[in-house]
Structure formats: C-alpha cells, structure tokens
Amino acid sequence: MLFGGVAGRRGIEKRMRHQASTKRCKAGGLALWAKLPGDDSAPFAAEAAERGVAVLTGSACRADRGVDPHLRLCCDRPVSLLEEAVDRL
C-alpha cells in the first residue's frame, strides 16, 4: 500500500489548485495548508465533515481561535484514500 507523504501532498496540491491556494510544509511534512477564498474556513470544514472528510480549520490552530481562511489537510494516509477525499471535496 502506498502512503501519501510528499507524493500524496503534491497530488492534493495539483487536484485542488482550482479551489484553493496551497502552501507546502518543509520537505517531508505530512500536512498541507490550503487558503480558501473568503475569510472563514469553518463552513467548508463542516461541509467536508458531512461528506466524510476530516480537515482542521485554521482557527483551531490560532492562539486566539479567531476566524481564519486556512485548512490543514493531513497527507499521511494511503494515496488512494487521499484521492478519494479530494474527490469528495
């Protein structure tokens, strides 16, 4: 079974390029940060959860828990699972 890692992260970046801007973590990182249009990623995260995809809102990672347009996407899963998650989004 192939796991995501860098290859999975690059695949997500490529497939989501029309929906959000992305920012890579350091080489070997297992997460991808995506900046969504608008000010708040919470509605997108709620919709993703309804579709069975777990993402972390940027506000969950802020000290002040303020509104944030970013999502943290975990890329440490098998590539096939990452592809399915992107399709659901």
Close pairs from region 60-75: first over 18 Å from G38 (Cα atoms), partner of a type in the set (K, R) and surrounded by 12 or more Cβ atoms within 10 Å (Cβ to Cβ), Cβ under 6 Å, at least 6 apart: C75/R9
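Each row is one residue, and each column tells you yes or no for (1) of a type outside the set (V, I, T); (2) in a helix (DSSP H, G or I); (3) in contact with a Ser or Thr (Cβ under 9 Å, 6 or more places away or on another chain); (4) within 19 Å of K14 (Cα to Cα).
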position: A45; (1), (2), (3), (4): yes, yes, yes, no
position: V53; (1), (2), (3), (4): no, no, no, yes
position: V67; (1), (2), (3), (4): no, no, yes, no
position: D76; (1), (2), (3), (4): yes, no, no, yes
position: D87; (1), (2), (3), (4): yes, yes, no, yes
Which residues, taken from region 48-62, are modelled with pLDDT under 90 and either crowded, with 17+ Cβ neighbours inside 10 Å or under 19 Å from V86 (Cβ atoms) (or both)? none
Which count do you get for residues in region 31-47 that are aliphatic (A, V, I, L, M) and surrounded by fewer than 19 Cβ atoms within 10 Å (Cβ to Cβ)? 3
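The values are calculated or read from the model by the stated rules, or taken from the named source; none is laboratory data. Note that the structure is a prediction, hence the values are computed from the model and not measured. In this analysis, Cβ positions are derived from the backbone assuming ideal geometry, glycine residues included, and neighbour counts consider all displayed protein chains.
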